[in-house]
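Read through the structure below, which is laid out as structure tokens, and then see the notes.
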Amino acid sequence: MIKAISRRRRTLVFGILLAPFVTPSLSTAQGTFQPTPQFPLSDGPLVIRQAVQPQHPFTVTGSTGAILGLQNGNVELWALPTKVFSNLHLSAELEGYTVPIDLNAAAATIDVQPDHTTITYSHAAITVRQHMFIPAGDSNPAQSAIIFFEIQSIRPAVLTISLEPAMVLEWPAPSFGRPSASWLPIGSGGAFVLSTDNPAIFGMVGMPNATSGPLAPYQERPQALPLQFKLHFNPSKDQHHFFPLIAEVNTSGEKSSSAAIAAMENRLVATSNALPEIYRQTRDYYGHFFTDRLTVHTPDPHFDVAMQWAEIAIDQTKVRTHGETGLVAGWYPSFDSARPGFGWYFGRDTLWTLYAVNSYGDKTLAKQALEFLAKRQRADGKMMHEFSLTADDLHGDLNWATLGYEYAAADATPLFIMAVADYVNSAGDLDFLRTHWDQVKKAYEFDRAHDSDGDGVYDNSEGTGWVEAWPPKMPHQEIYLAALDQASSQAIAGLATLMQDQPLNASATAQSKHIADVIALYKQGDGSYAFSRSLDGTFDQTSTIFPAVALWTDKESLPAPGTMLSLWASHHFATDWGVRSVNDTASVFDPISYHQGSVWPLFTGWASLAQYRADRPLAGYASLMRNVDLTWAQDPGFITEVLSGRFFQPLGRSSSHQLWSSAMALSPAIRGLFGIDVDAVHHTVRLQPHLPASWDFAEIRNVRVGDDLYEIAIKRERTHLVATVRSAQPSVLCLNGHDETCNDKATTSRTISLPLPPVEVALTEQQLPEAGSPTSQPRVIDESYQPEHLSLTLEGIAGTTTDLYMRTNLPEPSGKRAANIKIDGAERVGDSLRVTFPQGSGFVSQQVHISWPK
């Protein structure tokens, strides 16, 4: 961190140190600065209400601000990209009650909703609710972040709201030290004016009905005291009011002056007075959020809600700077740093996430995110990896281009090609493709030009593939990068057809086949795939999750993947909370390392979709539900970045609201469980659903195919799944067609019938374990569906039992046929199969074979 130290002469104002260029106006801004009459807050169907876990994080984020903190109410407030203050603390003194009340210690519940979050502090004599939100909506004039308090008390009280002033720009911008503060009376309350040694970095935090706490006079020894608002509350007249805490920062670039301070004061008062309207627009934004975005209705309401929260989580990583909107990687309190988790723009994080965004149908966000990245493509075609929120504001010796982060990763370039293809297929946006076609080709040319060993496959010579550290040395060519190179070659071949560039289509198709041949060489004698290949042609045989990306878009891209699929479902990779990056028997395995054995929901999503594409729905569903359940585990509504590979606990620095983690609850669900594959250019939807055996139906609403929205209703009818696809207006759509042109007539309804396997099973529903628990739950590691039998391999702790629900889809006379079902390796108990694992130690396996007559 760089600190600029001012040598300017200091003057004394209000008994504290202030730079001489700050002379706050003492005039009251036009309008009143008073408590706000209470207005209704939403209490919608997505509310998550939990008992406070004091040291667990929570995040309230949006395009212009963030409130990040711990559930005990200790928060920091960001007017992006500036951290205005941190360490919010509340205490109360009641008239005639001589003991001060530490309200943070009394934090009782946290309610999280899309449009606001509330922490309730509960004491026998006083209840305080701390409401927090980020203004949302295209026409909402407010920015930053807003906190307002609701108080109920048996007696008049003084609420002390203390905070540590910060005025720190996000990393890597220089810091100008702790800001000085002066008190500015405004109406019934006042504001602290926060000034730094940089005259262009200043701000204000204000509150009605408040006076200033102590400010250290110049005569005192230097010390950093928190700023304190003394909020005076009289229950007889204040009971039905909100008390807003409003922050404003200078965004104009002008230097601090009396006029600038007066203008900021006016904005602060105007924001306070407009609070009901600002919140109403925010509530309306989320109230209509799912009008044209995908939602699901299934027998599992827990699953349905998690799908919606995942979409909200992605939307709340949207950040707007300098008139552009992009996606940041994740949020977490910055504490003593200037890095709010990964709260800045990331290339590959965005690109992996866009598969989910395209799946739930937000064309606008997908296009904005792609254009943000395309604008920052390097001249040679390489795509960006990281871009700080302050990158455009760095000058001189400290500038973003020289720091080495922007283009550090190699994978963003092939991922960009893949994401553009997926967007065009989902949205049918050929105009976008025509506009950016040269950039897509340039990215592909970069990949082709950077093959350091002449094997024709993109490698790690141009930056990190996946791992940023690997013992004993960094890899030369990861299978992860090779798989992306193949997928991006397939993608640009398809795009070239749309652009009528047949030479590129032919060369890219041939390139894809060549890369597939190289990937096949990674397969080892035991059927597993190696992690990487060295320059001398030898392989690092460590078994990892990374071959799973070869199955992300095409189930044929990883030859004979059975060994890896079984490994990823086994206890060697799959914990009870997600999938590890590395086999726990590997020499490099370290369960708390970032790259060699921790659990990432991202990896869990890769594994889930790989299993679904390989027709292993039991393993696919098990991984999917790990991510779904994490929605409630740490930061309510959001899915964390990385967890221990040994015990159920996030790492201490895990970003608790991680962009691609939430995406990995959506992509495997929509593309795997529901099996929806959209080709808007050719007006086609391909369906291959894998409903759990315990589900009778599923409804998927607002499935976007170009500009049209569809509802897909799937239900069981004896031996088949019947899918009905409806639209509000007549449209042309082919179901499960393979022709390049859809010749069906326009209609509002069409139906398709898909055969079911004669017998299906499902593990009893599993939940996340208690914090700190190791892996112990049973799982299905292999499944084979044949016309006359179903073969399963299960794993479980030696000597334990587990039940499988069994469903028969045999044709009539089904009773006789069901009675003749033969089961080996399990005991039939009604509609269930009871599996007893052999005696021994640790995890052991058990084969189950179910057969039926023709």
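Mind checking which pairs have a first residue in segment 585-599 that is touching a residue at least 60 places away in the same chain (Cβ under 8 Å) and a second that is not in a loop (DSSP other than H, G, I, E, B), Cβ under 7 Å, 6 or more apart or different chains?
Within 7 Å, the pairs are Val588/Val582; Gln596/Val582.
Touching a residue at least 24 places away in the same chain (Cβ under 8 Å), over 30 Å from Tyr710 (Cβ atoms) and open to solvent by 30 Å² or more (accessible area, probe 1.4 Å), is that true of Val829?
Details: touching a residue at least 24 places away in the same chain (Cβ under 8 Å): yes; over 30 Å from Tyr710 (Cβ atoms): yes; open to solvent by 30 Å² or more (accessible area, probe 1.4 Å): yes.
Criteria met by Val829.
Let me confirm something: among Ala510, Ala469, which residue is among the aliphatic types (A, V, I, L, M) and either open to solvent by less than 30 Å² (accessible area, probe 1.4 Å) or under 30 Å from Phe432 (Cα atoms) (or both)? Walk me through it before giving the result.
On the way: Ala469 fails: either open to solvent by less than 30 Å² (accessible area, probe 1.4 Å) or under 30 Å from Phe432 (Cα atoms) (or both).
Testing whether each residue is among the aliphatic types (A, V, I, L, M) and either open to solvent by less than 30 Å² (accessible area, probe 1.4 Å) or under 30 Å from Phe432 (Cα atoms) (or both) leaves just Ala510.
Are any residues in segment 236-265 under 28 Å from Val158 (Cβ atoms) and surrounded by fewer than 15 Cβ atoms within 10 Å (Cβ to Cβ), and if so, which ones?
Ser236, Lys237, Gln239, His240
What do you reckon, is His682 in contact (Cβ under 8 Å) with a residue 24 or more places away in the chain and either among the hydrophobic types (A, V, I, L, M, F, W, C) or farther than 24 Å from Val357 by Cα (or both)?
Values: in contact (Cβ under 8 Å) with a residue 24 or more places away in the chain: yes; either among the hydrophobic types (A, V, I, L, M, F, W, C) or farther than 24 Å from Val357 by Cα (or both): no.
Judged against the criteria, His682 is not a match.
Quick test for you: out of Leu521, Leu535, pick the one residue that is of a type in the set (A, V, I, L, M, F, W, C) and at pLDDT below 95.
On the way: Leu521 fails: at pLDDT below 95.
From the options Leu521, Leu535, the qualifying one is Leu535.
Residues that are closer than 26 Å to Trp466 by Cβ: which strands (runs of 3 or more DSSP E) entirely in segment 297-415 hold 3 or more of them? Even if it seems obvious, please write down each step before you answer.
Details: elements: 318-321, 324-331, 342-346.
Fully inside segment 297-415 and qualifying: 324-331, 342-346.
Here's the yes/no breakdown for (1) surrounded by 22 or more Cβ atoms within 10 Å (Cβ to Cβ); (2) out of contact with any Lys or Arg (no Cβ under 9 Å at 6 or more places or on another chain); (3) among the aliphatic types (A, V, I, L, M):
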position	(1), (2), (3)
His297	no, no, no
Phe335	no, yes, no
Tyr345	yes, no, no
Leu351	yes, yes, yes
Tyr360	yes, no, no
Lys367	no, yes, no
Ala374	no, yes, yes
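Suppose the filter is in contact with a Gly (Cβ under 7 Å, 6 or more places away or on another chain), open to solvent by 10 Å² or more (accessible area, probe 1.4 Å) and over 30 Å from Thr575 (Cβ atoms); does Arg718 pass it?
Working: in contact with a Gly (Cβ under 7 Å, 6 or more places away or on another chain): no; open to solvent by 10 Å² or more (accessible area, probe 1.4 Å): yes; over 30 Å from Thr575 (Cβ atoms): yes.
So Arg718 does not fit the description; no.
Within segment 179-198, take every residue that is of a type outside the set (Ser, Thr, Tyr) and within 37 Å of the chain's Cα centre (by Cα) and give me the one that is nearest to Tyr218 (Cα to Cα).
Step one: list which residues in segment 179-198 are of a type outside the set (Ser, Thr, Tyr), which gives 179, 181, 183-187, 189-194, 197-198.
Still in the running and within 37 Å of the chain's Cα centre (by Cα): 179, 181, 191-194, 197-198.
Working: Pro179: 15, Ala181: 13, Ala191: 20, Phe192: 17, Val193: 17, Leu194: 17, Asp197: 18, Asn198: 21 Å.
Among residues in segment 179-198 that are of a type outside the set (Ser, Thr, Tyr) and within 37 Å of the chain's Cα centre (by Cα), the one nearest to Tyr218 (Cα to Cα) is Ala181.
Considering Ser139, Ser144, which residue is in contact (Cβ under 8 Å) with a residue 24 or more places away in the chain and within 30 Å of Gly177 (Cβ to Cβ)? Even if it seems obvious, please write down each step before you answer.
Numbers: Ser139 fails: within 30 Å of Gly177 (Cβ to Cβ).
Among Ser139, Ser144, only Ser144 is in contact (Cβ under 8 Å) with a residue 24 or more places away in the chain and within 30 Å of Gly177 (Cβ to Cβ).
Each row is one residue, and each column tells you yes or no for (1) over 21 Å from Gln308 (Cα atoms); (2) in contact with a helix residue (DSSP H, G or I) (Cβ under 6 Å, 6 or more places away or on another chain).
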position	(1), (2)
His690	no, yes
Ala693	yes, no
Glu711	no, no
His720	yes, no
Asp744	yes, no
Thr748	yes, no
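Could you give every pair whose Cβ atoms fall below 7 Å, whose first residue belongs to segment 485-512 and is at negative phi, and whose second residue is part of a helix (DSSP H, G or I) and acidic (Asp, Glu), counting only separations of at least 6 or pairs across chains?
Hits for this filter: Asp485/Asp447; Ser488/Asp447.
Which number in (1) at pLDDT 95 or above; (2) open to solvent by 10 Å² or more (accessible area, probe 1.4 Å); (3) outside any helix (DSSP H, G or I) marks the one condition that Met625 misses?
Of (1) at pLDDT 95 or above; (2) open to solvent by 10 Å² or more (accessible area, probe 1.4 Å); (3) outside any helix (DSSP H, G or I), only one is false for Met625: (3).
Would segment 538-548 turn up any residue that is more than 14 Å from Glu478 (Cβ to Cβ), of a type in the set (Asp, Glu) and either open to solvent by 10 Å² or more (accessible area, probe 1.4 Å) or outside any loop (DSSP other than H, G, I, E, B) (or both)?
No, that holds for no residue.
Six or more apart or on different chains, Cβ atoms under 6 Å: show the pairs whose first residue is in segment 268-283 and touching a residue at least 24 places away in the same chain (Cβ under 8 Å) and whose second is among the charged types (D, E, K, R).
Within 6 Å, the pairs are Leu268/Glu248; Thr282/Asp115; Arg283/Asp115.
I'd like the full set of residues that are surrounded by fewer than 20 Cβ atoms within 10 Å (Cβ to Cβ) and of a type in the set (Asp, Glu), limited to segment 304-332.
Residues satisfying the conditions are Asp304, Glu324.
Of the residues Ala506, Ala487, Ala482, Ala493, which is in contact with a strand residue (DSSP E or B) (Cβ under 9 Å, 6 or more places away or on another chain), assigned to a helix (DSSP H, G or I) and among the small types (Gly, Ala, Ser)? It would help to see each step written out before you state the result.
Values: Ala506 fails: in contact with a strand residue (DSSP E or B) (Cβ under 9 Å, 6 or more places away or on another chain); Ala487 fails: in contact with a strand residue (DSSP E or B) (Cβ under 9 Å, 6 or more places away or on another chain); Ala493 fails: in contact with a strand residue (DSSP E or B) (Cβ under 9 Å, 6 or more places away or on another chain).
None of the other options fit; the residue is Ala482.
Being out of contact with any Asp or Glu (no Cβ under 6 Å at 6 or more places or on another chain), of a type in the set (A, V, I, L, M, F, W, C) and over 22 Å from Leu495 (Cα atoms) is the requirement here; does Val420 meet it?
Details: out of contact with any Asp or Glu (no Cβ under 6 Å at 6 or more places or on another chain): yes; of a type in the set (A, V, I, L, M, F, W, C): yes; over 22 Å from Leu495 (Cα atoms): no.
It is false that Val420 is out of contact with any Asp or Glu (no Cβ under 6 Å at 6 or more places or on another chain), of a type in the set (A, V, I, L, M, F, W, C) and over 22 Å from Leu495 (Cα atoms).
With the structure loaded, tell me whether Gly620 is assigned to a loop (DSSP other than H, G, I, E, B) and in contact (Cβ under 8 Å) with a residue 12 or more places away in the chain or whether it fails that test.
Details: assigned to a loop (DSSP other than H, G, I, E, B): no; in contact (Cβ under 8 Å) with a residue 12 or more places away in the chain: yes.
So Gly620 does not fit the description; no.
Taking the criterion of being of a type in the set (D, E, K, R) and over 24 Å from Asn702 (Cα atoms), would at least one residue in segment 353-367 satisfy it? Give the steps one after another, and end with the answer.
Step one: list which residues in segment 353-367 are of a type in the set (D, E, K, R), which gives 362-363, 367.
Next, from what is left, pick out any that are over 24 Å from Asn702 (Cα atoms): none.
Checked segment 353-367: no residue is of a type in the set (D, E, K, R) and over 24 Å from Asn702 (Cα atoms).
Residue by residue, here is whether (1) in contact (Cβ under 8 Å) with a residue 40 or more places away in the chain; (2) more than 27 Å from the chain's Cα centre (by Cα); (3) outside any loop (DSSP other than H, G, I, E, B) holds:
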residue	(1), (2), (3)
Met664	yes, no, yes
Ala669	yes, no, yes
Gly672	yes, no, yes
Asp677	no, no, yes
Val722	no, yes, yes
Ala728	no, yes, yes
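If I go through segment 102-140 residue by residue, how many of them are surrounded by fewer than 20 Cβ atoms within 10 Å (Cβ to Cβ), among the charged types (D, E, K, R) and under 29 Å from the mean Cα position of the chain (by Cα)?
3
Out of (1) among the acidic types (Asp, Glu); (2) without any contact (Cβ under 8 Å) to a residue 40 or more places away in the chain; (3) touching a Gly at 6+ places or on another chain (Cβ under 9 Å), what's the single condition that is false for Glu248?
Every listed condition holds for Glu248 apart from (2).
The values are calculated or read from the model by the stated rules, or taken from the named source; none is laboratory data. In this text the structure is predicted, and so the values were computed from the model without any measurement. Please note: Cβ atoms are built from the backbone with ideal geometry, for glycine as well, and neighbour counts cover all protein chains shown. Note: areas computed on protein heavy atoms with side chains; ligands, DNA, RNA excluded. Shrake-Rupley method; radii C 1.70, N 1.55, O 1.52, S 1.80 Å.
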